[in-house]
Amino acid sequence: MPYIPNTDADRAAMLAAIGVERIEDLFHDVPEEVRFPMLELPDPLSELEIQQELLMLSEVSIDLNHTACFLGAGAYRHFIPSVVDQLISRGEFYTAYTPYQPEISQGTLQAIFEYQSMICALTGMEAANASHYDGATAVAEAVITAFNVGRRKRKKAILSPMLHPQYRAVARTYTQGMGLTLIGDDDLSNGVDALAALCDGDTACVIVQNPDFLGQLYSPAEMQTLADAVHGCGALLVVAADPISLGLFAPPGDYGADIVVGEGQPLGNPISFGGPYLGFFACRKRYVRSVAGRIVGETVDTQGRRGFVLALSTREQHIRREKASSNICTNQALCALAAGVYLAAMGKRGLRQVAELCYHKAHYAAAEIAKLPGYEIMGDRPFFKEFVVRCPQPVDKMLRYLLDDWAILGGYELGRDYPELDDGLLVCVTEMNSREKIDELVEALAELGGPRQGGEVS
Amino acid sequence: MTEPLLYEISSPGRRGCRLPQPDVQREELPAGFLRDDLPLPEVSEMDLVRHYVHLSQLNHAVDTGFYPLGSCTMKYNPRVNEAISHLPGFTQLHPLQPPDTVQGALVLLYELQEFLGEISGFPGISLQPAAGAHGEMTGVLIMRKALYDRGETQRNVILVPDSAHGTNPATTTMSGLKVVQIASDAAGNVDLDALRVHLSDQVVGLMLTNPNTLGLFDEQVLEVTRLVHEAGGLVYGDGANLNAMLGICKPADLGFDVMHFNLHKTFGTPHGGGGPGAGPVGVTAELATFLPGPIVVEQEDEESPFLTWHVPEKSIGPVKSFYGNFGVLVRAYTYIRMLGAEGLRRVAENAVLNANYLLSRIRGVYPLPYDRTCMHEFVVEGRIEGAPDVRALDISKRLMDYGFHPPTNYFPLIVPEALMIEPTETESKETLDAFAEALLKIAEEAREDPELLHNAPHTTPLGRLDEVRASHPKTMRLCYTQEC
C-alpha cells in the first residue's frame, strides 16, 4: 500500500502488543450499523498511471503559456525568478508545520520575520502579520480589527465602490453575524471626497483601494486629505494596495493609512487558478494587539543568542478561545515564504523596475487602443497596470472573439460587477506582455472597431 | 547557530535577479505619486540561496524526522502530488478565464467534490475555504443562516465540549453567537446529562470533534446527535480527526449536518510551515443551498458534458476570492486517486494501529487519564512518578535532543500536563519503537537528573527562547526596519 510501511509481520507483532486479534477490533466504539461502509471511488492508480492521466487532464485547459493574457482583476501574471520555487520546495520548509516549538523552527520563524520586515518596508507600516488566506480575507480581517480597535462600539465600515468586488463580498460574509453595517459601495460616484463625507462617530473604518479595482491611482495629497477626515471622526483608514505598485508609488504609510492590506499573490506566487495566495496585512504598531493571525517577534535564547518566536499569542484562539481576535490558526506560510524570497531577489531596484515595466507597457497599450476609432480610455486619472477601455461592441462577445480567433484573453468584463460600466473592458498589462502581443491585441481590437469600421461580432 | 538577516547581508548595488529593458517607449511617471525610497535588502542570487538553505536547515520537518504533533496529522507528503500540482496546465490558469477554457481544472474540482462527498456521506461540498478554521467559520455561518431562514432567529448559542480545539469557541464568537461549554464524562465522551441541560430553542447547534481531541471515538455519538436534532439544532463535525475515519464510517451517518475537511491533514497535502492548507465543507442536502460558492456543477442544457460555476441560491456569500486553494486541491485529488477506497481504509486502520501500538509501549510510565482503545492519537499526562518538578514542557524539549518533534502539549485543556501524540500511518514500527524508547529513557532521566530536562534542549540550533520578551511592549520587535 503506498505510503504505509507496516508489513504483515509488523501488524501481527503490533496487534499482539496491543492485545487484540484483528485491526477491526480497534473500531468497536464505532456503531456497528454504520461501521465499514463501502466507498465508491475510482480504483487506485500507480504513480506512472496518475502522472500520465493528470498530464492529459491538465492539457485539456488552455493555459497562459498558450494565450496572450490581458486579464487581471485581482489575480496577476508576473515574472517569478527560478530561485523562488527552488527554495520553497525544500522539504524542511514545506513539510514543517506552524512553528510552535521555536528551538527547532528557526528557519520558518526567521523567514516570517524577514517577510514581515519587507512588508513593513513596502507599505510604510510599523508592524505586519505572517499573512492571511488572501487579499479578500485580509480586507475582512481589517474590518474586524478596526471594529475591535473601536471597542465594538463603532458599527459602520465605509467601503469604496472601487474596492475589489470580491473583497467587499467576503467582508460582508465574514461580518454577517457581528451587527456591523458595510456601506458606501452602492454608488459608483462615491469618490474619496464622498467617502470622507460619509464618515461619522459611528464609523470604525474607511476602506479604499489604491490603485483601485479599475487601476486608477489616487495621489498622496488626496489620500492624506481623506486620512485626515477619517481620523477626524476617530475612525481608521484602511488601504488595499497592489504590492507591485508599491515598488514605484508612495507607500500608504506616507499618507496616513492605519492598516494596509492586499493580495500578495503578485509577489512570487503563480496565478494557479485562484489559489493558494496570501493576504498581506500591515498596520501601525499601536493596533498590533487587535490584529488577527500569527506574528513573529525577535527575542533571545537562554544563552543570549538572537532568535524568533510567535509573539502576542494571547490574542489567539488557542489561548483566548471565545475572546480571541479571530479564529485563524495558520497563515499562508509557504506563500509568504515565496513572497519573501521574491522581494529579496528583486530587492530595492528590481521591484521598482518591475513596477516601471508594468507602467510603461500598460501606458503603451492604452495609448495604442485610444487611437482606434470607437474605443475610449475611461477617466483621466493616472493608472498603474490596469485601465478601462470603453468598447464599441458588447464586451462579452468581443472577449469571445479575441479568444476564439486570436488566442487572446482580452481582459475582464466590468458589467459583471458594475452594470453602469457594461461597455467597460478592464485590461491588465504586466512585464509578461511583450510589445508584439500588445500590438496583436490592438490589431484584433481594430478589427472589431466601431460598427462602421469593422464587422459586427457574431 | 544563527543566520544573519537578509538586511544584514545586504550591500548597495547587489541584485538577485536581472530584468529586461522595456520594449516600448517610456511613459513619463506621474510626479507627486512616487515614493522616495524602497528599503528592501539588496543581495546576490547566491547569497539569497545560501541564506534560505541555511534557514531551512534550522527546521524540523516531516522530511527530517518523526513529527507526532497531535491533532495535526503530520504524515508523509507524497512527491507525486507536488509534481502534478506544478503542471503548467494547473499553475498557469487565470481564475477568471471562461469555463470552457478550463475544463481540465473543473473536471478535477468536480470529481474532488464527489470524492469528498462519498468519503463523508455529505451530498453538498464547497471547496472554497482555505483552512480548517476557515471551514469552521463557513460551517457555523451556514448553520446560523439555515436556522434564521426557518424563522428561528432567537437561536444564538453554540454548544462546545470542554475538550474542543480553541478554534471552535473563537469561530462561534466570530459568527456572532455565544459559546456554552459542555463537560465531558468520565470516559471522555460528551456528558449526556450536561448536554440535555443546555439544549433548548436557543441553541443553534453543537460543534463536535469525533474522534475527539482525546483521540477517543464518542461511544454515544448517535445519541448526542439525536438529542441536538430533537431540540431543533444542528450538529457541526470538526473534521480535524478524519484520518481515523476513512472507510471506517461516514460522518454523515453519525448524524452530523455539516463538517469541514482538513486536506492538509487527512489527504497528505503539505503543511507548508503553517499553510496553505484547504478546509472544504460538506453539508446535508437540506443545507446545500447555503454553501459558499461558486461550486462546480454540470451544465444541464449542453449536449456534451460541460462543467461550469454555480453559486447556491441562499449562499452565505463567498469566504475568499475565487474557488479555494486550487494548488492544494490538486494535491488532495492526486492522493485520493493514488489510494482509492481500499487504500484510504488502510490509512485509517494503520493510523489507529500505530497509535494503539505506541500507547501500549508507554502505558504504565506516563499516566493515561482515559484508558480506552484510542483512535489515531492519544493523550497522556507529562508527569512522571518520582520526578515532581518535571513538566510536560520539559519532556517535550528533551525529545528534541533525541531528534523528535514533541507532541502537542498542554492541549486538550481537560488533561493536566497533556501530551497529545499522533504517530500517523506513514511511520514504521521501527520509528515508533525508537520514539517509545526515547520517552521511556526520558522518564528515567527525569528521576535521575531532572536538570537535564529542565535545561533541554541541548542539541538544537538555539536553546529555550524568551517568549515574554518578544511580546513585552518595551522589548517587542516585530520587524527589522527602523520604524518598528
Subject >> DSSP-defined beta bridges in the protein assembly as shown - what % are antiparallel, rounded to 5 >> reply: 55 percent
Original post:
Which of B:M143, B:M476 comes first, and how do the rest follow, when ranked by fewest Cβ neighbours within 10 Å?
Top reply: B:M476, B:M143
Subject >> Centroid-to-centroid separation of region A:323-369 and region A:294-313 [C-alpha atoms, Å] >> reply: 27 Å
Subject >> Sequence-distant aspartates and glutamates (8 or more away, or on other chains) whose Cα lies within less than 12 Å of A:K285 >> reply: A:E126, A:D258, B:E483
Original post:
Given R₀ = 56 Å, FRET efficiency for B:S360-A:D193 by Cβ-Cβ distance, to 0.05?
Top reply: 0.20
Subject >> A:K371, B:K265 arranged by Cβ crowding within 10 Å, fewest neighbours leading >> reply: A:K371, B:K265
Original post:
If you rank A:R390, B:R144 by fewest surrounding Cβ atoms within 10 Å, what's the result?
Top reply: A:R390, B:R144
**OP:** Please report, in debye to the nearest 20, how large the charge dipole of the protein assembly as shown is about its Cα centre when each Lys and Arg carries +1 at its beta carbon and each Asp and Glu carries -1 there.
**Re:** 2760 debye
**OP:** Calculate for chain A the 222 nm mean residue ellipticity that helices alone would give, adding -39,500 (n - 2.57) per DSSP H run of length 4 or more and normalising by residue count, nearest 500 deg cm²/dmol.
**Re:** -11500 deg cm²/dmol
Subject >> Separation in nanometres of the label points that stand 7 Å from Cα toward Cβ, at B:Q154 and A:K323 >> reply: 3.0 nm
Original post:
Using Cα atoms only, what is the angle between the long axis of helix A:135-149 and the major principal axis of chain A, expressed in degrees (0 to 90) to the nearest 10?
Top reply: 80 degrees
**OP:** Provide the percentage of antiparallel DSSP beta bridges, counting only those with both residues in region A:233-301; round to the nearest 5.
**Re:** 60 percent
Original post:
Rounded to the nearest 5, what % of the DSSP beta bridges within region B:80-336 are antiparallel ones?
Top reply: 40 percent
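Checking the a/c ratio against 1.5 first, then a/b against b/c, what shape does the Cα gyration tensor give for region A:8-51?
On the way: a/c = 5.17, a/b = 1.41, b/c = 3.67.
Oblate shape, in that a/c is at least 1.5 and b/c is the bigger or equal ratio.
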**OP:** Answer with one residue from B:S184, B:M245, B:T269: the one whose Cα lies farthest towards the positive end of the charge dipole of region B:173-280, charges on Cβ with Lys, Arg +1 and Asp, Glu -1.
**Re:** B:T269
Original post:
Among the helices of chain B (complete DSSP H runs), which have Cα atoms covering no less than 27 Å along the helix axis and a Kyte-Doolittle mean of at least -1.0?
Top reply: B:326-362, B:429-448
Original post:
Counting each DSSP H run of 4 or more residues in chain B as -39500 (n - 2.57), what helix-only mean residue ellipticity at 222 nm follows after dividing by all residues, to the nearest 500 deg cm²/dmol?
Top reply: -10500 deg cm²/dmol
Original post:
In whole Å, what is the distance between the alpha-carbon centres of region A:413-442 and region B:408-428?
Top reply: 53 Å
Original post:
By a straight-distance test (C-alpha under 28 Å), which lysines pair with A:K371 as possible cross-link partners, with residues fewer than eight away in the same chain excluded?
Top reply: A:K361, A:K385, A:K397, A:K437
Subject >> Interatomic Cα distance distribution for region B:348-468, bins of 5 angstrom, percent >> reply: 2, 12, 22, 24, 21, 12, 6, 2, 0
Original post:
Between region B:186-263 and region A:75-104, how many Å separate their Cα centres?
Top reply: 36 Å
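Every number here is computed from the coordinates shown, using simple stated rules; none is lab data. Source: prediction; values computed, not measured. Reconstructed Cβ throughout: ideal geometry from the backbone, glycine too, with neighbour counts over all protein chains shown.
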